[in-house]
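Participant: Quick one: the structure is below, questions incoming.
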Amino acid sequence: MSQVQSVERTLAILELLSEYPEGLGITELSKRMTLAKSTVHRLIGTLVAKGYIQKDERSGNYRLGVQCLVLASSLLNHFDIREIAKEGLHALADRSGEVVHLCIADQNEVVYIDKVESEKTLRMYSQIGRRALMHCTGVGKALLSGWKQEKVDQMVEEKGLPRFTDTTITDKEELYNELKLIREKGYAIDEQEHEHGIRCIAAPILDYDNKVAAAISIAGPAERVTKQRIKSDLAEAILKQSQVISKKLGYIQK
């Protein structure tokens, strides 16, 4: 096995285990990666020794280790936007009583880089460091609203427009029309497009170069985050904070 191939397989193990918090055994890893058990065992051994993977002695499964958290924390600490947006995120959580997210785009996907929960915390898909597709999330569509047509086309070509719920946008022209409306209104709505029963409003964050650098959102159960509430209160609140955070990033409205 070449050095490059070894690195690729090692990374593949880490990526696979990131999808299984409860971990996977050698046999299952071997099956999913279509590799010999001996090869997987050898790679796992190195990762365990370095702290990137740990073994659950009760189940015998392997899962991500503390060293992964160390690297992730180091990376996130360099995202100045998290510190810049922190006050605004807490203000939105206090005002709305709902979960507030801060997200960026990476490799044509949404990455959740911060999250503030309220007293009415609802267990949701989102976790810091988690990824989601862009076409079916409020933050994803808010981020896409700042992209040029060619870049949106590339995202659609690469990721597709898979359906998650009955309201997921799966038609390219419908997505383009949606992005046009978002640019006009300044905010995006996730109409239970990724998770049944969850509605969200999101707005883009602009930087000094007038480019969309991130997006913030307010999300909660559809019975609390109603369409009327969005119109009467939440839209104004999220637009205000998106503008405040954007100015802190150097954005100057022209």
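The values are calculated or read from the model by the stated rules, or taken from the named source; none is laboratory data. Note that the structure is predicted; figures quoted are calculated from it, not measured. Please note: Cβ atoms are built from the backbone with ideal geometry, for glycine as well, and neighbour counts cover all protein chains shown.
Participant: Filter the stretch 213-254 down to the residues that are among the aliphatic types (A, V, I, L, M), touching a residue at least 40 places away in the same chain (Cβ under 8 Å) and more than 17 Å from Gly88 (Cα to Cα) and list them by number.
Facilitator: Initially, the stretch 213-254 is screened for residues among the aliphatic types (A, V, I, L, M), giving 213-216, 218-219, 222, 225, 230, 234-235, 237-239, 244-245, 249, 252.
Now drop any that are not touching a residue at least 40 places away in the same chain (Cβ under 8 Å), which leaves 213-216, 218-219, 225, 230, 234-235, 237-239, 244-245, 249, 252.
Residues satisfying the conditions are Val225, Ile230, Ile252.
Participant: In this structure, does Glu195 turn out to be more than 30 Å from Lys248 (Cβ to Cβ) and under 15 Å from the mean Cα position of the chain (by Cα)?
Facilitator: On the way: more than 30 Å from Lys248 (Cβ to Cβ): yes; under 15 Å from the mean Cα position of the chain (by Cα): yes.
So Glu195 passes the test.
Participant: Considering each of Glu195, Glu173, Glu158 in turn, give the residue that is in a loop (DSSP other than H, G, I, E, B), outside the structural domain of Glu19 (by TED's automatic domain parsing) and acidic (Asp, Glu).
Facilitator: Details: Glu173 fails: in a loop (DSSP other than H, G, I, E, B); Glu158 fails: in a loop (DSSP other than H, G, I, E, B).
Only one candidate passes the filter, namely Glu195.
Participant: Test Lys86 against the criterion of being surrounded by fewer than 15 Cβ atoms within 10 Å (Cβ to Cβ) and assigned by TED's automatic domain parsing to the domain that holds Gln241, and give yes or no.
Facilitator: Taking the combined requirement at face value, the residue satisfies it.
Participant: Out of the residues in the stretch 1-29 that are surrounded by 14 or more Cβ atoms within 10 Å (Cβ to Cβ) and more than 29 Å from Ala132 (Cβ to Cβ), state the one that is modelled with the lowest pLDDT. Working first, answer last.
Facilitator: Initially, the stretch 1-29 is screened for residues surrounded by 14 or more Cβ atoms within 10 Å (Cβ to Cβ), giving 6, 9-10, 12-14, 16-18, 20, 23-26, 28-29.
This time we only want the ones that are more than 29 Å from Ala132 (Cβ to Cβ), so: 6, 26.
Working: Ser6: 84, Ile26: 90.
Result: Ser6.
Participant: Inspect the stretch 160-181 for any residue being in contact (Cβ under 8 Å) with a residue 40 or more places away in the chain and either in contact with a strand residue (DSSP E or B) (Cβ under 7 Å, 6 or more places away or on another chain) or surrounded by fewer than 18 Cβ atoms within 10 Å (Cβ to Cβ) (or both) and give the result as yes or no.
Facilitator: Taking the stretch 160-181 first, the residues in contact (Cβ under 8 Å) with a residue 40 or more places away in the chain are 175.
Next, only the ones that are either in contact with a strand residue (DSSP E or B) (Cβ under 7 Å, 6 or more places away or on another chain) or surrounded by fewer than 18 Cβ atoms within 10 Å (Cβ to Cβ) (or both) stay: none.
So far as the stretch 160-181 goes, no, none of its residues is in contact (Cβ under 8 Å) with a residue 40 or more places away in the chain and either in contact with a strand residue (DSSP E or B) (Cβ under 7 Å, 6 or more places away or on another chain) or surrounded by fewer than 18 Cβ atoms within 10 Å (Cβ to Cβ) (or both).
Participant: Of the conditions (1) touching a Gly at 6+ places or on another chain (Cβ under 7 Å); (2) farther than 13 Å from Met134 by Cβ; (3) at pLDDT 95 or above, Asp190 satisfies every one except a single condition; which number is it?
Facilitator: Condition not satisfied by Asp190: (2).
Participant: Follow-up. Mind counting the residues in the stretch 186-208 that are surrounded by fewer than 24 Cβ atoms within 10 Å (Cβ to Cβ), touching a residue at least 40 places away in the same chain (Cβ under 8 Å) and of a type in the set (D, E, K, R)?
Facilitator: 2
Participant: Can you confirm whether the stretch 50-69 contains a residue that is over 30 Å from Ile189 (Cβ atoms), basic (Lys, Arg), free of Cβ contacts under 8 Å to residues at least 24 places away in the same chain and not in a strand (DSSP E or B)?
Facilitator: Yes, the stretch 50-69 contains at least one residue that is over 30 Å from Ile189 (Cβ atoms), basic (Lys, Arg), free of Cβ contacts under 8 Å to residues at least 24 places away in the same chain and not in a strand (DSSP E or B).
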